[in-house]
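Everything on this sheet refers to the single structure shown next.
The values are calculated or read from the model by the stated rules, or taken from the named source; none is laboratory data. What you are looking at is a predicted structure, and each value in this text was computed from that prediction instead of being measured. With ideal geometry, Cβ positions are generated from the backbone for all residues, glycine too; neighbour counts draw on all protein chains shown. Note: areas computed on protein heavy atoms with side chains; ligands, DNA, RNA excluded. Shrake-Rupley method; radii C 1.70, N 1.55, O 1.52, S 1.80 Å.
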Amino acid sequence: MDKPMTRRELMQLGLGSAAAAVAAGLLPRRALAALEAASQPARASKAKAVIQIWLWGGPCHIDTFDPKPKAGSDYSGPLDHPIATNVPGIQIGELLPLLAKQADKYSIIRSMTHGNNGHETAAYIVQTGRQPGGRLVFPSVGAVVSLFKGYNAGYKGLIPPYIVLTQLQGRFSESGFLGAKYKPFATGGDPRQPRFAVEGVVAAGVSDQRQKDRRALKNRLNALRRQGKDDPELAAAAVAEEQAYGLILGDEGKVFDLTQEKAELRERYGNSTFGQACLVARRLVERGVPYVTINYNGWDTHKQHFQAMRRMLPDMDKGMATLLADLADHRLLDSTIVWWSGEFGRTPKVQNEAPWSGGRGHYGKVFSAVLAGGGFKGGRVVGASDERGQDVKDRPVYAADLIASMYELLGIDDQARLPNPEGLPILAVPTAAEGIKTAGRLKEIL
């Protein structure tokens, strides 16, 4: 079958008839899987959206949310004075004072583990819950949420349902076998600049009036469209153009215009790319966008690690703490999961030898993640690493456990299937039946 069927056609065909058509070779297996995915019954959900704060490179668990001052300077380096939080008994890194005041809003997982020290493979594990290397490239959490909470679930916004601020993760395929329809829209640009130049939406150096003038001129010169106004393909192109200009000049595109926010609030987020990206993320969720990734680079600190931490952690502290408070102020935190993580942690023992001279390497044996909002309980610690942060001491948590917990709060059904090129019965939720390591969902904070 050359022409792909539309979702409406598939729904009209029905599951039974579609299965028969697949058996007869009249319909691709992928089309049946798409119909099955679209037919999944909706479950009640606490969470409507996810903001993923992705620290590319791997943040150090010891210097952030799992301090080990008793391990000595070989492990803590100069950051050996953890601070108390507003939750009795919980301490975090000394460079996170603003987050320390809001520990009641989030929970810390101190026993994440997968044992993989490669950037690309570890990023794949953490964001898909699956092991790399098979025939299929699995989609990330963002693509899966886009499938079940995006246009298939009635999302009607002009803003795509899966946004990355501001750059994609490079060699990581966010959409996997789900294909281009579920790829994220990467904004490009820098939200810290006076005008956030979002690719395809906001052109740097071009005012709204100039955009309107350009469009008017283009329409006057477009004789082909006038002559072919009854052509269905030209009509479809006209609809697409109207939607594009709706983003460029209409109200929806203004979600990226941070000048609409008070200067005081922008200052609270921090005058950095990360801080202002956090503010954009809140505005996107407020508009109904179900999944936003803030791709926060710079955490691969093999050298001059502690100099980098003194520069970067205050920036992260300011942006993330204000995001949590701002979501709460806008009554969005209860329905928005905030997921903080990187692909792994960093070597607990400081690498003082040459050529690292005070750096930390990759470390997948144990690391930390943070979850807030969307139905997750705050003020808790799940699991523990040992006294030096080298091994999981208590309650291992695998990526599949964390992802399954988020899907539960998002109302993604346990039996929901992912459409795939081979028509295989693949569930959205990674399970032990696939040979995936799991220690159970995060019941402690659900």
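If you take the Cα centroid of region 126-190 and the Cα centroid of region 275-353, the two points sit 19 Å apart.
Heavy-atom accessible surface of Glu199, to the nearest 10 Å², is about 110 Å², with a 1.4 Å probe and all protein chains retained. Computed over protein heavy atoms with a 1.4 angstrom probe, the accessible surface ordering of Tyr151, Tyr245, Tyr269, largest first, is Tyr151, Tyr245, Tyr269. Solvent-accessible surface of protein heavy atoms, probed at 1.4 angstrom with all chains present, puts Asp329, Asp230, Asp386 in the order Asp230, Asp329, Asp386, largest first. Ordering Gly379, Pro97, Leu409 by the projection of their Cα atoms onto the charge dipole of the chain, which places +1 on the Cβ of Lys and Arg and -1 on the Cβ of Asp and Glu, puts Leu409 at the extreme positive end.
Taking region 239-327, which trypsin sites (Lys or Arg not before Pro) meet the DSSP loop condition and have no more than 16 other C-beta atoms within 10 Å?
Sites meeting the loop and neighbour criteria: Lys262, Arg287, Lys303.
Taking a ≥ b ≥ c as the square roots of the eigenvalues of the alpha carbon gyration tensor, the chain is oblate, as a/c is not under 1.5 and a/b does not beat b/c.
Tell me the mean residue ellipticity at 222 nm calculated for the chain from its helices only (DSSP H runs of n ≥ 4, each -39500 (n - 2.57), averaged over every residue, nearest 500). Show your work: numbers first, answer last.
Numbers: 14 runs with 148 residues, N = 446.
That comes out to -10000 deg cm²/dmol.
The charge dipole of the chain, taken about its Cα centre with unit charges on the Cβ atoms of Lys, Arg (+1), Asp and Glu (-1) only, comes to about 560 debye.
Give me the number: length gained by fully extending Glu434 to Lys156, i.e. 0.36 nm times residue separation minus the C-alpha to C-alpha distance, one decimal in nm.
Details: separation 278, 0.36 × 278 = 100.08 nm, distance 3.45 nm.
In short, 96.6 nm is gained.
Considering only the chain, what is the antiparallel percent among its DSSP beta bridges, to the nearest 5? Please report the intermediate quantities before stating the final value.
Details: 16 of 38 bridges.
About 40 percent, rounded to the nearest 5.
For region 76-157, the Cβ-based charge dipole about the Cα centre amounts to some 460 debye (Lys, Arg positive; Asp, Glu negative; other atoms uncharged).
With all protein chains in place and a 1.4 Å probe, the accessible surface of the chain carries 52 percent carbon and sulfur. Taking all protein chains together and rolling a 1.4 Å probe, Asp257 ends up with roughly 50 Å² accessible. May I ask you to list the aspartates and glutamates whose Cα is less than 17 Å away from that of Lys183, ignoring any residue fewer than eight positions away on the same chain? Straight-line reach from Lys183, under 17 Å: Glu174, Glu199. A 1.4 Å probe run over region 290-347, with the rest of the protein chains in place, finds 32 Å² accessible per residue.
When the pairs Lys262/Lys303; Lys262/Lys318; Lys181/Lys377; Lys181/Lys254 are compared against a 28 Å limit on Cα-Cα distance, Lys262/Lys303; Lys181/Lys377 fall above it.
Classified by the C-alpha gyration tensor, region 317-446 has an oblate form. Its axis ratio a/c, with a ≥ b ≥ c, is 1.5 or above, and a/b does not exceed b/c. Mean-square fluctuations from a GNM of the chain, with a 10 angstrom spring cutoff on Cα atoms, peak among Leu136, Leu327, Leu247 at Leu136.
When nucleic acids and ligands are ignored and a 1.4 Å probe is applied, His302 ends up with an accessible area of around 50 Å². Put simply, when 66-72, 395-401 are sorted by average Cβ atoms within 10 angstrom per residue, most first, you get 395-401, 66-72.
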